[in-house]
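The values are calculated or read from the model by the stated rules, or taken from the named source; none is laboratory data. In this text, all values refer to a predicted model and were calculated from it rather than measured experimentally. Quick reminder, even Gly has a Cβ in these numbers, built from the backbone with ideal geometry, and neighbours come from all protein chains shown.
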Amino acid sequence: MKKIYHLEHSYSKPIRGIDVDDCKHIGIFTSKEKAKKAILLLKEKQGFKEHPSEYSDYPFEGFNIDEYILNESSAWIGGFITINDIDDE
């Protein structure tokens with residue numbers, strides 16, 4: 001079972017009075033350790049250090065590492081609904 005690690009950075013910012021998540025895909029890594037090394041390189045760079053996320057459960061504010069198994073569906077297997085579907089109920 002081959003695993004990969006997706007690294008992203010996100011934070012909330014107000015747009016027209018609504019908090020919107022600004023999420024940046026950073027990369028896909030072959031190990032969690034390599035993803036952590038990328039965080040160490042980026043965490044003090046412009047933009048990343050000014051925009052931590054209060055929602056991050058990772059020790060480096062705003063960064064998140066997700067583990068995925070290759071060739072296996074891990075999300076949305078039950079389908080999805082849209083905001084319009086909620087409004088119609």
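Summary table
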quantity: Complete set of residues in the stretch 46-89 that are closer than 17 Å to Lys13 by Cβ, in a loop (DSSP other than H, G, I, E, B) and modelled with pLDDT of 80 or more; calculated: Gln46, Gly47, Phe48, Lys49, Glu50, Gly62
quantity: Matching residues, the stretch 15-49, being touching a strand residue (DSSP E or B) at 6+ places or on another chain (Cβ under 8 Å), surrounded by 11 or more Cβ atoms within 10 Å (Cβ to Cβ) and not hydrophobic (A, V, I, L, M, F, W, C); calculated: Asp22, Lys24, Gly27, Thr30, Ser31, Lys32, Lys34, Lys36, Lys43
quantity: Top-ranked residue in the stretch 1-44 [being outside any strand (DSSP E or B) and among the aliphatic types (A, V, I, L, M); ranked as farthest from Gly62 (Cα to Cα)]; calculated: Met1
